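Each reported figure results from applying straightforward, stated rules to the coordinates on display, with no laboratory input. Please read all numbers here as calculations on a predicted model, not as lab measurements. As a convention, Cβ positions derive from the backbone with ideal geometry for all residues, glycine included, and neighbour counts pool all protein chains shown.
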């Protein structure tokens, strides 16, 4: 892993701030979000609804909704800035570098085309994938289609779909949710993107199917050295797949650490509360410790640290000053006054 | 806290006709619930767990008498509930309440919360007089930890967590005996879930309620339930006291479900995906044991004979030809 | 019902400020409505019989602002009186059609045994072209404005019935309906207190545009000779009568035709805005 740290990170988000227009008013939805992912790493971005994790993910490939505007910070993919680029550049970026897998696979597959056709289309649009020797331009259209079709079957095999020769001819509605999600993952991986962003991709699936998809992602990471930004609210999924964890609350990253450290010794009071609020299945019936209060509305955030009204270890400064992230160890940062502030 | 069961279900069956029509000769039937027996003792929580298509939501609707069974019997407080009408039906509705999963959909979008809470008090004859109804509604809201200010609002002005709490408050306001909870926390965040679940636990003890908890989330079921039944394709495949079932599941499907849950601990052994293939649809039932196409331990007998639910150990039931096989082979 | 309606009106007012076309339409329609309401007080009904063949077909001047028609009557007075009559007819037709259509549609959607028969009946009505249907009924009942209105109610209610039925069918499946059933809400209360208030607005939002349509249909009926005759001031019959003199006295067609056009247009603008207010708001 240390070797990788010296390469430029695949994704570097620095101080990203974003506003949303809600009923005519601009509301700050993301406030100084920073995260970094190195090649081959899997980062779990954890948060509840309203934390801003999906918005953060959507801003990387430029898929933000119309009512959003970036008001600060930078995003770099493979060292290149992506904010403020034209739609055409972003489309190219999405094609080559960043693949986004959404939560509901049915909505993202064209119901009128067979699964094979949809994946083949991705290959046909990148002829260089079809010919290793670089003479892709010389291929006839028929030959391109034939090779794209074969590649399509190969993709389905990569995502462990059984009987890919048959499945490749089926329409999305003929496949189950789990198979559809695998097909979508196959499409995302077709061009071997530098970064795969997976936004709650197992939330809509049954738990046994979810286990299969998670196991698939694990294997794929090893097999093709996939770099993954995993967005989820489920700490169990994070524990299983992620190398590093970043926790978001009300628009900011409150803690980031490697997975082992996080689960053993999370620092931020919200992280700790979250870990205690999740009932676990082993041992005796655990006492659930709920977090009092609710996440603040975007339009009316509390002053200072946004978590302070609910924090069991709140200090006087918390209500006045918003804590900046402080590095507490290699690859660990916490945004909390309990751990000092950068000024000190 | 045992006594005569509050709820008894015998050989409950619910089939839905599908397709067909005037010109088609073949009648396809969805066997949503295909022979379920269970008993719920007062003051306990009975957890029903399973994935999509297993029939648990249909059972919820049957228990609340929003659907009529195709066959079988439901007995509440010793009395058969089929054929209840008029005043007796109202009495039943007052004593058995159901909370649904979708908190937004479960509230009339044009009704204020106060109106949503007081209406059932009138229709079920729980109180007379507006003042008393408002009082009761305010009490219920308070019990679920909400500010009475919320009564003036409309559903879309509130968060998902608040709405789910309101829906529960609405059910509790009529002072039921039995509360059927169909995925009560599936649409809310972890922290809200924790709040609602612990609140439900408190209320159960305080008001002597009995719960039937239906969920696909095993962790929630584990936390809340005394007895747990695992459903698959319309049948119960395993049933036992909660701790026992989670510690040593006898049915391979139960074992698969339990091991499929990602544990928030990176040191834990990585999940082995023990169930093969996809969750089936209840339209095409496999022959023999319903789980056999996905079971890694299936033998010939599994393909031919459908195992009944039998008491394998004291108080621990399983419908399997080789109960406990998942554990024996894993060791 | 108070809070949702009040809030909806607030949103509506906000939208109005942003949609200037709709505001213009609203204003124009209100002016026309006021004119129609005031007309019987400003202009004596006897004008209709004020036939003066010597002054016929005179162009607009200081005394006769719109000129005179082929009977020598002041066209301006005729148009104003017609405003009153046409608006009253069109509004009552749409009003009655709405009440009947929504009522029957709600029943059809909610009570399965009534659905089939009601849908067959609407099928019959909808398969006959509206003008033909109106003509048939008018020829049986007689050609007064009242009878024409009744005929047009027959023509209009089926669409509202269908729309309402569709809305109710889908609304019935929503989780809150199930929840309310388990809370002891009976069928009658369910339809009246819950289902109808939640489904009626998209149907009613069509009404303004339909008022415009009815006006045009009335005009068309007069045009083909099914109208109430030259002694009843009705925009359509004015246009029909004026058609013969279109080159000599174009004002006979322009002014009443313009009135139809303006009313219809303003209503369409208001109708578009009403649809925007009522439909997506519900989804938010």
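Below are the figures for this structure:
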{"item": "Over chain C, relative contact order from alpha-carbon pairs under 8 Å, at least 6 apart, %", "result": "24"}
{"item": "Over the stretch A:154-286: Kirkwood hydrodynamic radius from C-alpha pairwise inverse distances, Å", "result": "16.5"}
{"item": "Helix B:190-207 axis, angle to chain B major axis (alpha carbon atoms, nearest 10°)", "result": "70"}
{"item": "Inter-site label distance for residue B:311 and residue C:188 at 7 Å from Cα along Cβ, in nm", "result": "5.1"}
{"item": "Cα-derived Rg to Rh of the stretch B:97-219, Kirkwood definition", "result": "0.94"}
{"item": "Rg ratio (alpha-carbon, reference 2.2 N^0.38 Å) - chain A", "result": "1.06"}
{"item": "Neighbour-count ranking [beta-carbon atoms within 10 angstrom, fewest first] of A:36, B:210", "result": "A:36, B:210"}
{"item": "Debye intensity ratio I(q)/I(0), log10, the stretch A:106-192, q values 0.21, 0.24, 0.26 Å⁻¹ (C-alpha model)", "result": "-0.91, -1.12, -1.27"}
{"item": "Cα-based convex hull, the stretch B:276-331, per residue volume (Å³, whole number)", "result": "96"}
{"item": "With Cα atoms, 0 to 90° folded angle of helix B:113-123 axis to chain B main axis", "result": "90"}
{"item": "Per-residue average of Cβ from other chains inside 10 Å of B:114-124", "result": "3"}
{"item": "nm² value of the averaged projected area, convex hull over the Cα atoms of the stretch C:2-283", "result": "17.4"}
{"item": "Proxy reagent accessibility, fewest Cβ within 10 Å first, across B:65, B:204", "result": "B:204, B:65"}
{"item": "Estimated FRET transfer efficiency (residue C:61, residue C:124; beta-carbon r; R0 41 Å; 0.05)", "result": "0.20"}
{"item": "Rel. contact order, % - alpha carbon contacts under 8 angstrom, at least six apart, chain A", "result": "20"}
{"item": "Inter-centroid distance (Cα atoms) of the stretch B:283-329 relative to the stretch C:204-248, Å", "result": "78"}
{"item": "Value of [θ]222 nm, deg cm²/dmol, for the protein assembly as shown, DSSP H segments ≥ 4, -39500 (n - 2.57) each, nearest 500", "result": "-14000 deg cm²/dmol"}
{"item": "Cα centroid separation, the stretch B:76-133 to the stretch B:153-224 (Å)", "result": "16"}
{"item": "Inter-chain shielding of B:148-158 (mean C-beta neighbours from other protein chains, 10 Å cut-off)", "result": "1"}
{"item": "Translational diffusion of chain B, µm² s⁻¹ [Kirkwood Rh, Cα pairs; Stokes-Einstein; 37 °C; 0.692 mPa s]", "result": "155"}
{"item": "Virtual spin-label span in nm between residue A:64 and residue B:135, 7 Å along Cα→Cβ", "result": "5.4"}
{"item": "Pairwise Cα inverse-distance average, inverted: Kirkwood Rh of the stretch B:31-156 (Å)", "result": "17.0"}
{"item": "In degrees, nearest ten, helix A:115-124 long axis to first principal axis of chain A (Cα)", "result": "90"}
{"item": "Least to most buried among C:42, A:18, A:315 (fewest other Cβ within 10 Å first)", "result": "C:42, A:315, A:18"}
{"item": "Kirkwood hydrodynamic radius of the stretch C:33-158, Cα pairs, Å", "result": "17.2"}
{"item": "Cα Rg, Dmax (largest Cα-Cα span) when computed across the stretch C:147-239, Å", "result": "19.5, 62"}
{"item": "Per-residue mean of C-beta atoms belonging to partner chains within 10 Å, peptide A:210-216", "result": "5"}
{"item": "Centroid-to-centroid separation of the stretch A:154-174 and the stretch A:67-124 [C-alpha atoms, Å]", "result": "22"}
{"item": "Spatial extent of the protein assembly as shown: Rg and Dmax, with the Cα atoms as the point set, Å", "result": "34.3, 115"}
